[in-house]
1. List, in order, the whole-Hz ³J(HN,Hα) value for each residue of segment 76-85 obtained from phi through the Karplus relation with A = 6.51, B = -1.76, C = 1.60 and θ = phi - 60°; use x for Gly and Pro.
2. For S93, what is the net charge nearby, where nearby means another residue's Cβ is under 14 Å from its Cβ and Lys, Arg count +1, Asp, Glu -1?
3. Take segment 75-120, drop everything but the C-alpha atoms, weight them equally and run the Debye formula without solvent; then report log10 I(q)/I(0) at 0.19, 0.26 Å⁻¹ to two decimals.
4. If you place +1 on the Cβ of every Lys and Arg, -1 on the Cβ of every Asp and Glu, and leave all else neutral, what size is the dipole of the chain about its Cα centre, to the nearest 20 Debye?
5. Whole-Hz ³J(HN,Hα) for each residue in segment 29-42, computed from phi via Karplus 6.51 cos²θ - 1.76 cosθ + 1.60 with θ = phi - 60°, x for glycine and proline: what do you get?
6. As a check on your grasp of the helix formula, calculate [θ] at 222 nm for the chain: sum -39500 (n - 2.57) over DSSP H runs of n ≥ 4, divide by the residue count, round to the nearest 500.
7. For the chain, how big is Rg over Rh, using alpha carbon atoms and the Kirkwood form of Rh?
8. Hey, what do the phi angles of segment 120-131 turn into as Karplus ³J(HN,Hα) couplings, whole Hz, using 6.51/-1.76/1.60 and θ = phi - 60°, x for Gly and Pro?
Amino acid sequence: MKQTDVYTEALICLRSILQADHPEFKNWIDWLERDIQDWNQRREVAHHLRAYGGMGSFNDLPSMRGNHDYIFDFLKSVCYAFGHLYGKREGISPEALMEECLHDVEQAAYHPHKALNQAIAQHLMQGDLQENLDRL
């Protein structure tokens with residue numbers, strides 16, 4: 001299993017799904033690119049969190065194709081949960097926090113497909129979700 005930063009992997013997969021399914025949303029693709037850079041360079045999540053809520057937000061994007069829609073929503077939930085809690089929980093590493101957020105979203109009732117949830121979580125933790133997006 002390769003070493004991976006799960007938050008970065010989730011952001012990259014969000015960007016990949018958007019590029020594949022809605023390349024016309026260049027502003028959101030660029031937004032996610034900045035989120036990836038902010039995290040990798042400064043461990044910053046504030047820009048990503050500003051994408052949620054309000055009219056025209058990240059939550060208002062149209063449906064993605066096939067299972068991409070479910071995976072996209074799952075990843076948005078994980079990234080939001082992580083971003084919201086990051087820096088607020090003393091003594092927990094980003095890796096442990098992301099693992100906790102991933103587990104919570106995986107078990108959440110609003111993501112009802114348990115087998116798919118487990119597959120998304122497993123691939124995300126292994127760092128190979130992007131390569132497996134179309135197989136889920």
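1. Result, rounded to whole Hz: 4, 4, 5, 5, 5, 4, 4, x, 5, 8.
2. Value of the local net charge: -2.
3. Here the Debye-derived log intensity ratios amount to -0.56, -0.90.
4. Here the size comes out at about 140 debye.
5. 3J(HN,Hα) across segment 29-42, in whole Hz: 5, 5, 4, 5, 4, 5, 4, 4, 5, 4, 6, 5, 8, 10.
6. Value at 222 nm, helices only: -20000 deg cm²/dmol.
7. The Rg/Rh ratio comes out at 0.93.
8. Working through the residues one at a time gives 4, 4, 4, 5, 5, 5, 7, x, 10, 5, 4, 6 Hz.
The values are calculated or read from the model by the stated rules, or taken from the named source; none is laboratory data. All values reported here derive from a predicted model rather than from experimental measurement. Please note: Cβ atoms are built from the backbone with ideal geometry, for glycine as well, and neighbour counts cover all protein chains shown. These area figures cover heavy atoms from the full protein model, side chains too; ligands, DNA and RNA do not enter into them. Shrake-Rupley method; radii C 1.70, N 1.55, O 1.52, S 1.80 Å.
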